[in-house]
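What follows is a set of notes on a single structure, which appears directly below.
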Amino acid sequence: MKQLMSGNEAVARGLYEAGVKIASAYPGTPSTEIIENLRQYQGVYSEWAPNEKVATEVAYGASIAGVRSVSIMKHVGINVAADPMFNAVYDGVEGGFVIISADDPSMHSSQNEQDNRHYARAAKMPMFEPSDSQECLDMIREAYQVSERFDTPVLFRMTTRVCHSKSLVEFGQPLQVESIPYKKNPAKYISSPANAMVHRQLLEERLQAMAEYSDKAEFNRMEINDRKFGVIASGISVQIAREVFPADYSFLSLGFTYPLPEKLIRSFAEQVEEIYVLEELDPFLEEQIKALGIKVTGKDIFPNMFELNPAIVRESYWGEKQESVDLDVDMVARPPSLCPGCPHRGFFYTIRKKKNAVIAGDIGCYTLGGSPPLAAIDSVICMGAGFSAAMGMAKAFEVSGVDKVVFGVVGDSTFFHSGITGAIEILYNKGRVIPVVLDNSTTSMTGQQDNPGTGLTLSGEIAEKVSIEALFKAIGFAKVITVDPQDLTAMEAAIDEAIAAEQACAMIVKRPCVLIKNIEHDFKLCVVDRDLCTSCRRCLRVGCSAIYYVDGKAYIDPALCTGCTVCMQVCNFDAISVVD
Amino acid sequence: MSETVKSIVLIGVGGQGTILVSKVLTTALVTAGFDVKMSEIHGMAQRGGSVSTQIRYGKKVYSPLIGVGEADILLAFERMEAVRGAALLKKDALIIVNDYTIIPPPVASGTAVYPDNCIDALREKFKLIAFNAAQVAEELGNPRVMNVVLLGAMAEVLQLDKLDWETALKVNVPERFIEINQEAFKRGRELARSEEEAYAP
């Protein structure tokens, strides 16, 4: 019987069926559940890597050593992994090697919506774009055939709706794939200029051969119906096209989109008069099709940003706006905020009081420290930039003669990902920056994944805990202050001590995330004494969703409160107390 | 089986259990032989954000996504979220709403006011079934089964008698909670039935 599965679950099943033996990933929405599902399958080694570059190098090494492998990440992770990815295309593979990129149109959980299909073209690597869960399974199996047949890594490009929507899937039989006996092959696997010159020419021949494959590929499907109108689509747009356009239109549904099936597209264009190209984000197909000299309509009418849905496509195509019922209600947004009991709250509340501080933040839950009422963070760029951007700011303030104290703030997982190089930069180049690791002992924003500092691996085995404190000391920071952010007095003293320090000083703000499941939390409950509450609203400044006003006085929701006491510590009138 | 595809939207606030409801619902639909697609966004769900799931079922479903003005039924776990979700509804759509409030952060911090006319505004424009599922769940002895009370109401209005709800609940709920969830489901069904009768001419 068919099963309802998300694209991520189906890809995991497909990887298992394809005989993949080594899988490495870094968590990132919407890709995270792929490897979390893959770990249930026997015979597959799955791991969290410190970052996407490492994951891709691990997977590629495994391929060179003769087994099928995969690295998995969200779209911006490909930016981190781009270096090994581009070079692996030149060198080719032994065991099949697939890199999965989960793009996030509409930026549901991301800082940009870059269209990673451009990477396939830039790196000259073949690309699949599944449109539903069954295709996720079937295409990932085919991706390994393509990888080994054409001696190349393959880019498997998914999007949020393909990853996270569920549709019916029929399983296949798992393949028995033997490891390829290892043979030393320096001419192939040493990326020296001399070898690369040879590889570059082979790559051109390979692209030619893959273009021929593309014309006949099982996942590039032409359906000629009406000869007047036709639609070319790829990825999730294939499903939206079938939903929106009349069934008697002609369709060219593309699942293997680099190299493009030129002959197939020409054949479609010869048989259909008026062609529309439907694709999310950039005109990736459209521009290449137009370069073939074929007249098509695409981004002239369809949006070039954000996710598509049937209503948007109908409006773009027929010009009729879908009506929604107008309700006269003044809506309030629900911006995500730090959870009640979040250990980051004490740090941000305290540092916000230092009017002279500039804080370069980073990617993680603690990005929410930039939202009101905490509003403590000045910048967030990308994974790892918390330390290095802080360095640039500090140097700029120095040359400009501006008196500021600069903090770089990253989380524990982000520190291992790419914060550590920024810490080295700060020490080496004598930056007047205080690097701060908000260590909540997990990778929380993506759903509490383990990392090198947690002492557990993806499969739940005990691992060596990499010590952030020891790393700071080894780099050369003379002073490393470790503090519990839940104690606001200690937190403030630590910040003052770091600011006053003469030598290089780093700070570790340490308390586990309240959402971690496998540890015991000492949850309590804070309550408000309405007689003592003066309605000063000071407690609201900690930005906790468990505290709000009821009938003019502060109220703490017992269903949400964890008894962290941060609100109690900021109350000047002893109106809040904690109970067990 | 009818050719038409039905589109359902579930909306609530992170932590309210919308995901479990959509799992039970889709399990029942798949077992009954429907083609089903379901789409959810859960990136920031745990941090008090609005969470919504879209479910489409019929003989053959293409798009997992529902656009503005296209949904047939809305199951809302919170009053203001019902208004948010209503943007996706067709004109003659049906709403089941949990008459229950979760204060959003801007209201908590005093920078915004929670709208007090959600239910009235919805009732004016749609067919509405409203009750306090949180209270029902509390009466049953476990506030967390609020979501399954709402599911029961949904099961009643879907009028898909051949769906095996009992099994669908069993496979998605931990064993020790099955009994209370079945009770919650039953209560939700009854409430929806009596509300629907109130509409009858």
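Values in this text are rule-based calculations from the coordinates and carry no lab data. These figures come from a predicted structure and were not determined experimentally. All Cβ positions, even for glycine, are placed from backbone atoms using ideal geometry, and neighbour counts span all protein chains on display.
Please list, in chain and number order, the residues 5+ apart from residue B:100 or on another chain whose amide H is under 5 Å from its amide H, with Hs placed from the backbone.
Distant-sequence amide H within range of residue B:100: B:79.
Take the alpha carbon atoms of the range A:264-335, find their radius of gyration, then divide it by 2.2 N^0.38 Å using N residues; give the quotient. Intermediate values should be presented prior to the final figure.
On the way: Rg = 16.9 Å, N = 72, 2.2 N^0.38 = 11.2 Å.
The range A:264-335 yields a ratio of 1.52.
Whole-Hz Karplus ³J(HN,Hα) for the range A:401-414, in order, using 6.51 cos²θ - 1.76 cosθ + 1.60 and θ = phi - 60°, x for Gly and Pro?
Each residue's phi maps through the Karplus curve to give x, 9, 8, 9, 9, 9, 10, x, 10, 9, x, 5, 5, 5 Hz.
Distance from a point 7 Å along Cα→Cβ of residue B:186 to each backbone N in the range B:122-149: keep the residues under 19 Å and list them by number.
Only B:133-149 pass the distance filter.
For chain A, what is the mean residue ellipticity at 222 nm derived from helices alone (per DSSP H run of n ≥ 4: -39500 (n - 2.57); sum divided by total residues; nearest 500 deg cm²/dmol)?
-10500 deg cm²/dmol
Taking a threshold of 24 Å on the Cα-Cα distance, which of the pairs A:295/B:60; A:290/B:60; A:524/B:23; A:355/A:473; A:321/B:90 fall above it?
From A:295/B:60; A:290/B:60; A:524/B:23; A:355/A:473; A:321/B:90, over 24 Å: A:295/B:60; A:290/B:60; A:524/B:23; A:355/A:473.
For the protein assembly as shown, what is the percent of antiparallel DSSP beta bridges, rounded to the nearest 5?
Numbers: 36 of 103 bridges.
Bridges in the protein assembly as shown are about 35 percent antiparallel.
Can you run phi through the Karplus equation (6.51, -1.76, 1.60; θ = phi - 60°) for the range A:545-550 and list ³J(HN,Hα) in whole Hz, with x for Gly and Pro?
Whole-Hz 3J(HN,Hα) from phi for the range A:545-550: 6, 7, 10, 8, 8, 10.
Other chains near A:157-168: what is the mean number of their Cβ atoms within 10 Å of each residue's Cβ? Mind showing how you got there, number by number?
On the way: counts 0, 0, 0, 3, 8, 2, 0, 8, 11, 12, 9, 6.
Mean partner-chain Cβ count within 10 Å for A:157-168: 5.
How big is D, in µm² s⁻¹, for the range A:67-223 by Stokes-Einstein at 25 °C and 0.890 mPa s if Rh is the Kirkwood radius over C-alpha pairs?
Once the numbers are plugged in, D ends up at 147 µm²/s.
Helix A:133-150 sits at what angle to the longest principal axis of chain A, using alpha carbons and giving 0 to 90 degrees rounded to 10?
Rounded to the nearest ten degrees, it is 70.
Rg and Dmax of the range B:87-175, using alpha carbons, in Å: what are they?
Every Cα atom of the range B:87-175 included, Rg and Dmax give 16.0, 49 Å.
What ranking, highest mean first, results for peptides A:262-269, A:34-41 when packing means the other Cβ atoms within 10 Å averaged over each residue?
A:34-41, A:262-269
For A:86, A:306, A:284, what's the fewest-to-most ordering of other Cβ within 10 Å of each Cβ?
By the 10 Å Cβ count, ascending, the order reads A:306, A:86, A:284.
Once you compute Rg and the Kirkwood Rh from C-alpha atoms, what is the Rg to Rh ratio for the protein assembly as shown?
Details: Rg = 27.6 Å, Rh = 28.2 Å.
On the Cα set of the protein assembly as shown, Rg over Rh gives 0.98.
Let me make sure I get this right: for the range A:525-579, a, b and c are the square roots of the gyration tensor eigenvalues over alpha carbons, sorted descending. Under 1.5 in a/c it's rounded, otherwise prolate if a/b > b/c, else oblate. Which is it?
Note, shape of the range A:525-579 comes out rounded.
Quick one: 3J(HN,Hα) in Hz for the range B:130-145, Karplus 6.51/-1.76/1.60 with θ = phi - 60°, rounded, Gly and Pro as x.
Result, ordered by residue: 10, 7, 8, 6, 5, 5, 4, 5, 5, 4, 6, x, 8, x, 6, 7 Hz.
Where does the Debye-calculated log10 I(q)/I(0) of the range A:310-358 sit at q = 0.15, 0.27, 0.32 Å⁻¹, using only Cα point scatterers of equal weight, no solvent?
Evaluating at q = 0.15, 0.27, 0.32 Å⁻¹ gives log10 I(q)/I(0) of -0.68, -0.99, -1.06.
Across bins of 10 angstrom width beginning at 0, how are the C-alpha pair distances of chain B distributed, in whole percent?
Bins of 10 Å from zero give 9, 37, 39, 14, 2, 0 percent of pairs.
Using amide H atoms built in the peptide plane, which far-off residues or other-chain residues are under 5 Å from residue A:220 H to H?
When sequence neighbours closer than 5 places are left aside, the close amide H contacts are A:255, A:256.
Hey, how many Å between the Cα centroid of the range A:443-487 and the Cα centroid of the range A:521-580?
If you average the Cα positions of each part, the centres end up 31 Å apart.
Listing A:200, B:79 from the residue with the fewest other Cβ atoms within 10 Å to the one with the most, what is the order?
With the sparsest Cβ surroundings first, the list reads A:200, B:79.
Gain in length, residue A:541 to residue A:301, computed as 0.36 nm per residue apart minus the alpha-carbon separation, to one decimal in nm?
Working: separation 240, 0.36 × 240 = 86.40 nm, distance 4.63 nm.
Length gained, residue A:541 through residue A:301: 81.8 nm.
Amide H neighbours of residue A:357 under 5 Å, at least 5 residues apart or on other chains, H built in the peptide plane: list them.
A:405
Taking beta carbons within 10 Å but only from partner chains, what does the mean come to for residues B:29-39? Walk me through the numbers on the way to the answer.
Details: counts 1, 6, 1, 0, 0, 1, 3, 5, 9, 6, 9.
Average per residue, whole number: 4.
Going by C-beta contacts inside 10 Å, put A:313, A:399 in order with the fewest on the left.
A:399, A:313
Based on the Cα coordinates of the range A:220-318, what is the per residue volume of their convex hull in Å³?
85
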